[in-house]
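Colleague: There's a structure below that I have some questions on.
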Amino acid sequence: MSTRRHFLALGLGAAGATALGLAGCGDDDDSAGTAAGNGGKDYTGPKVTLNLWNGFTGGDGDIFKKLVDTFNGEHANIAVTVATYRWEDYYAKLPGAVTSGNGPDVAVMHMDMLATFAARKVIAPVDDVATALGLSENDFAPTVWKGGLYKDKRYGIPLDMHPVGLYYNKALFQRAGLDPAKPPQDRAEMEAALAALKGAGIQGFWISPFQFTGGMTAYSLVYQFGGALYNADATKATFNSDAAVEAVSWLRKLVTDGHSPADVGQDADYLALKAGQNAFNVNGIWQVNDLKKSPEVQWGVAPVPQIGSKRAVWANSHNFAIVQQKRTDANKVAGAKVFINWLSQHSLDWAAGGQVPARRSVLEDPKFIALTEAKALSAELPDAAFPPATPGIGDVTNLFYTAFNEAILGKKPPKQALDDGVAKADKLLEDNRKKYGD
C-alpha cells in the first residue's frame with residue numbers, strides 16, 4: 001500500500017517542511033522546462049541515462065519497473081534507472097539531493113505535493129511537453145488535468161487517479177437478507193442496509209478515527225454535503241462549515257447508533273471486512289489486489305454512495321515531474337519528456353497495479369474495461385475532490401484529520417473539534433504563505 005505510506009509521511013509534516021524550507025534549489029529561470037527538444041515526441045540525440053525516483057514499494061513497484069524495462073528495450077538512446085524509496089523518505093530526501101546536485105532527473109509525485117516542490121524550485125515546468133504533444137484537458141479527466149497546475153504553469157503530467165471506493169462483504173449481505181449484487185448508492189439505501197445488518201447482529205460500518213480510512217470517508221462527505229476544506233484561493237480553512245459539521249456528525253452517529261465500535265484501531269476496519277465482521281469499508285483502490293489474494297473472502301467494490309446532496313470522493317493522483325538541476329542537460333531533459341509521454345500512453349498495465357488511468361484513451365481501451373473493479377471506480381473520476389494546489393497543503397489537511405479523530409472518538413463535539421482545527425489551520429496557512437512566498 002505505497003499510497004498509504006505517502007499519507008502517513010504527511011503526518012511527519014514538520015520534518016518534511018523543514019527539509020523543503022532548506023531547498024530553494026535549482027535555476028531561477030525555467031531553462032529546465034524549455035530545454036532543447038520537441039517536448040517528448042521523440043529523442044534523436046546521444047545516449048542519455050536518466051535517474052528516476054519513486055515511492056512504489058509494494059506490488060505496484062514491480063509493475064512499474066517492468067514498464068520501465070519495456071521502455072528501455074524500445075529506446076536504444078535512453079536508459080532509465082529506477083530508485084525506489086518509501087514515500088516518507090523520498091519526499092524528505094529529494095530537496096537536499098537536488099541542492100547537492102545528486103537529485104533524480106524524473107520524479108513520480110503525488111498531486112498534492114506538486115505545488116510545494118514547485119514553490120521551492122525543486123521541479124521544473126513541463127508546459128512544453130503538453131504543448132508539443134498536443135495534450136489538453138480533453139485527453140484527461142478534467143479534475144486530474146487541472147491538478148497539475150501551479151501559478152498557471154504545469155508541473156505534472158498525470159499518470160493515474162486513485163480514489164476511495166466502497167468495499168462490501170457479500171456474505172454479510174446475504175446473512176442480513178440484502179442483495180449482494182446491489183451495494184447502496186445513496187443515503188437512504190445505506191441507512192436501510194445498516195438497519196438490516198444491525199437487525200442481524202452485525203455492526204455494518206466500522207468508522208476508523210484515523211485518516212486511513214475514516215478521515216478519507218469524512219473528507220468525501222464534506223464535499224458531498226456541499227462543503228469544502230478550503231475557500232477558493234486556499235487562504236482560509238472552511239472545514240467547520242455547516243456542511244462539514246453535518247458530514248462528520250453523520251459519521252459520528254454511526255458510532256453512537258451502534259453500527260461501529262467506539263474505538264476502531266488503525267486498519268481494524270479493513271481487517272474486519274476481510275474477517276466477515278464489518279460489511280462496509282471505504283478504502284483506496286489499492287486494496288483491490290490485496291483482496292484478490294484472499295479468495296475465501298466474498299467481496300465487491302462500488303463507488304462511494306452519495307450520502308449528501310452531490311457526488312464527491314477523496315482521491316489523489318500520481319504525476320510525473322522533471323526535476324531541476326544545478327546545470328541543465330538539454331539532452332537529458334528531452335529524453336525525460338519522451339519517457340513521460342511513453343509511460344502515460346502505456347498506463348494500461350499500470351492500471352492492473354490498482355490505479356485508474358488518467359488518460360482517456362486508456363480508459364476507453366477494452367482491456368481496461370475488462371478490469372472490472374478498476375473500471376467500476378473509474379466512474380468516480382468526475383467526482384474527485386482534490387486538495388488545492390497550494391504549497392504545504394498536506395500539513396494543513398492533517399489538521400482536519402486530527403479534528404475528525406477527536407469528533408469520532410467523542411473527545412469533542414463535531415462542531416467544537418472542527419472549529420478548533422480550523423483555527424490551527426488558518427494559522428498554518430498564513431505561516432505557509434510567508435514560508436513559500438505565496
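Colleague: Check region 184-197 and report whether any residue there is out of contact with any His (no Cβ under 6 Å at 6 or more places or on another chain), among the hydrophobic types (A, V, I, L, M, F, W, C), modelled with pLDDT of 95 or more and not in a helix (DSSP H, G or I). Walk me through it before giving the result.
Modeller: Within region 184-197, the subset out of contact with any His (no Cβ under 6 Å at 6 or more places or on another chain) is 184-193, 195-197.
Restricting the remaining residues to those that are among the hydrophobic types (A, V, I, L, M, F, W, C) gives 188, 190, 192-193, 195-197.
Among the residues that remain, those that are also modelled with pLDDT of 95 or more are: 188, 190, 192-193, 195-197.
When the remaining residues are screened for being not in a helix (DSSP H, G or I), the result is none.
Among the residues of region 184-197, not one is out of contact with any His (no Cβ under 6 Å at 6 or more places or on another chain), among the hydrophobic types (A, V, I, L, M, F, W, C), modelled with pLDDT of 95 or more and not in a helix (DSSP H, G or I), which makes the answer no.
Colleague: Still on this structure, I have one more. Answer yes or no as to whether R120 is in contact with a Pro (Cβ under 9 Å, 6 or more places away or on another chain), of a type in the set (K, R), closer than 14 Å to F320 by Cβ and not assigned by TED's automatic domain parsing to the domain that holds I307.
Modeller: Numbers: in contact with a Pro (Cβ under 9 Å, 6 or more places away or on another chain): yes; of a type in the set (K, R): yes; closer than 14 Å to F320 by Cβ: no; not assigned by TED's automatic domain parsing to the domain that holds I307: yes.
The answer is no for R120.
Colleague: Can you tell me which of A243, A262, A193 is assigned by TED's automatic domain parsing to the domain that holds G410 and closer than 19 Å to F400 by Cα?
Modeller: Sole residue among the options that is assigned by TED's automatic domain parsing to the domain that holds G410 and closer than 19 Å to F400 by Cα: A243.
Colleague: Ok, one more. Let me spell it out: the conditions are (1) β-branched (V, I, T); (2) surrounded by fewer than 20 Cβ atoms within 10 Å (Cβ to Cβ); (3) under 21 Å from H162 (Cα atoms), and T235 meets all of them except one. Which number is the exception?
Modeller: Only one criterion is unmet by T235, namely (3).
Colleague: Something else now. Search region 344-365 for residues that are on the phi > 0 side of the Ramachandran plot and pair each with any residue that is assigned to a helix (DSSP H, G or I) and of a type in the set (S, T, N, Q) when their beta-carbon atoms are under 7 Å apart and the residues are at least 6 apart or on different chains.
Modeller: If the second residue must be assigned to a helix (DSSP H, G or I) and of a type in the set (S, T, N, Q), the pairs left are G354/N289.
Colleague: Would it be correct to say that A423 is surrounded by fewer than 22 Cβ atoms within 10 Å (Cβ to Cβ), out of contact with any Gly (no Cβ under 8 Å at 6 or more places or on another chain), hydrophobic (A, V, I, L, M, F, W, C) and modelled with pLDDT of 95 or more?
Modeller: Details: surrounded by fewer than 22 Cβ atoms within 10 Å (Cβ to Cβ): yes; out of contact with any Gly (no Cβ under 8 Å at 6 or more places or on another chain): yes; hydrophobic (A, V, I, L, M, F, W, C): yes; modelled with pLDDT of 95 or more: yes.
In short, yes.
Colleague: Let me ask you something else. Residues of region 303-314 being within 18 Å of the chain's Cα centre (by Cα) and among the hydrophobic types (A, V, I, L, M, F, W, C), which ones? Working first, answer last.
Modeller: Within region 303-314, the subset within 18 Å of the chain's Cα centre (by Cα) is 303-304, 311-314.
Within region 303-314, V304, A312, V313, W314 meet the criteria.
Colleague: Also, quick follow-up: Which residue is farthest from S260 (Cα to Cα), if the candidates are limited to region 198-218 and must be touching a Leu at 6+ places or on another chain (Cβ under 9 Å) and in a loop (DSSP other than H, G, I, E, B)?
Modeller: First pass over region 198-218, keeping only residues touching a Leu at 6+ places or on another chain (Cβ under 9 Å): 200, 202-207, 209, 211-212, 214, 217-218.
Within this subset, residues satisfying the condition of being in a loop (DSSP other than H, G, I, E, B) are 200, 202-204, 206-207, 209.
Numbers: A200: 14, I202: 9, Q203: 5, G204: 7, W206: 4, I207: 6, P209: 11 Å.
In this case the residue turns out to be A200.
Colleague: Quickly run through region 407-430 and pick out the residues that are over 30 Å from M161 (Cβ atoms) and of a type in the set (D, E, K, R).
Modeller: Answer for region 407-430, where residues must be over 30 Å from M161 (Cβ atoms) and of a type in the set (D, E, K, R): K411, K412, K415, D419, D420, K427, E430.
Colleague: Among all residue pairs at least 6 apart or on different chains, which show Cβ distances below 6 Å where the first residue, located in region 50-63, is under 13 Å from F339 (Cβ atoms) and the second is in a loop (DSSP other than H, G, I, E, B) and of a type in the set (D, E, K, R)?
Modeller: Taking only residues 6 or more apart or on different chains, the pairs are L50/D105; N51/D105.
Colleague: Show the residue pairs that are 6+ apart or on different chains and have beta-carbon atoms under 8 Å apart, the first residue being within region 90-101 and crowded, with 19+ Cβ neighbours inside 10 Å, the second being among the aromatic types (F, W, Y).
Modeller: Y90/W53; L94/W53; L94/F117; P95/F117
Colleague: Please give the number of the condition A385 fails out of (1) crowded, with 17+ Cβ neighbours inside 10 Å; (2) more than 22 Å from G214 (Cβ to Cβ); (3) touching a Ser or Thr at 6+ places or on another chain (Cβ under 8 Å).
Modeller: For A385, the exception is condition (2).
Colleague: To continue, here is another question. Is there a residue in region 377-384 that is in contact with an Asp or Glu (Cβ under 6 Å, 6 or more places away or on another chain), among the charged types (D, E, K, R) and on the phi < 0 side of the Ramachandran plot? Spell out the reasoning first.
Modeller: Keep residues of region 377-384 that are in contact with an Asp or Glu (Cβ under 6 Å, 6 or more places away or on another chain), which gives none.
Among the residues of region 377-384, not one is in contact with an Asp or Glu (Cβ under 6 Å, 6 or more places away or on another chain), among the charged types (D, E, K, R) and on the phi < 0 side of the Ramachandran plot, which makes the answer no.
Colleague: Please specify each residue of region 379-402 satisfying the condition of being outside the structural domain of N289 (by TED's automatic domain parsing) and free of Cβ contacts under 8 Å to residues at least 24 places away in the same chain.
Modeller: none
Colleague: Being more than 22 Å from I202 (Cα to Cα) and touching a residue at least 40 places away in the same chain (Cβ under 8 Å) is the filter here, so list the residues in region 273-296 that pass it.
Modeller: Answer for region 273-296, where residues must be more than 22 Å from I202 (Cα to Cα) and touching a residue at least 40 places away in the same chain (Cβ under 8 Å): G284, I285, W286, Q287, V288, N289, D290.
Colleague: Scan region 320-343 for residues that are assigned to a helix (DSSP H, G or I) and either of a type outside the set (A, V, I, L, M) or at positive phi (or both) and jot them down.
Modeller: Of region 320-343, the ones assigned to a helix (DSSP H, G or I) are 330-343.
Scanning region 320-343 gives N331, K332, G335, K337, F339, N341, W342.
Colleague: What do you reckon, is Q287 farther than 17 Å from S378 by Cβ and either within 15 Å of the chain's Cα centre (by Cα) or of a type outside the set (A, V, I, L, M, F, W, C) (or both)?
Modeller: No, not satisfied.
Colleague: Turning to a different aspect of this structure: Given the criterion outside the structural domain of G421 (by TED's automatic domain parsing) and hydroxyl-bearing (S, T, Y), identify the matching residue among T328, T238. Walk me through how you get there before you give the answer.
Modeller: On the way: T238 fails: outside the structural domain of G421 (by TED's automatic domain parsing).
Step by step, each of T328, T238 is checked, and only T328 is outside the structural domain of G421 (by TED's automatic domain parsing) and hydroxyl-bearing (S, T, Y).
Colleague: Tell me, which residue of region 70-86 that is of a type outside the set (V, I, T) and touching a Leu at 6+ places or on another chain (Cβ under 8 Å) is nearest to N331 (Cα to Cα)? Even if it seems obvious, please write down each step before you answer.
Modeller: Step one: of region 70-86, the residues of a type outside the set (V, I, T) are 71-77, 79, 83, 85-86.
When the remaining residues are screened for being touching a Leu at 6+ places or on another chain (Cβ under 8 Å), the result is 71, 79, 83.
Working: F71: 17, A79: 12, A83: 21 Å.
Among them, the one singled out is A79.
Colleague: Mind checking which pairs have a first residue in region 69-88 that is in contact (Cβ under 8 Å) with a residue 40 or more places away in the chain and not assigned by TED's automatic domain parsing to the domain that holds P46 and a second that is among the β-branched types (V, I, T) and part of a loop (DSSP other than H, G, I, E, B), Cβ under 6 Å, 6 or more apart or different chains?
Modeller: none
The values are calculated or read from the model by the stated rules, or taken from the named source; none is laboratory data. Owing to the predicted nature of the structure, the values given are computational and were not obtained by experimental measurement. Every residue, glycine among them, receives a Cβ derived from its backbone with ideal geometry; neighbour counts consider all protein chains shown.
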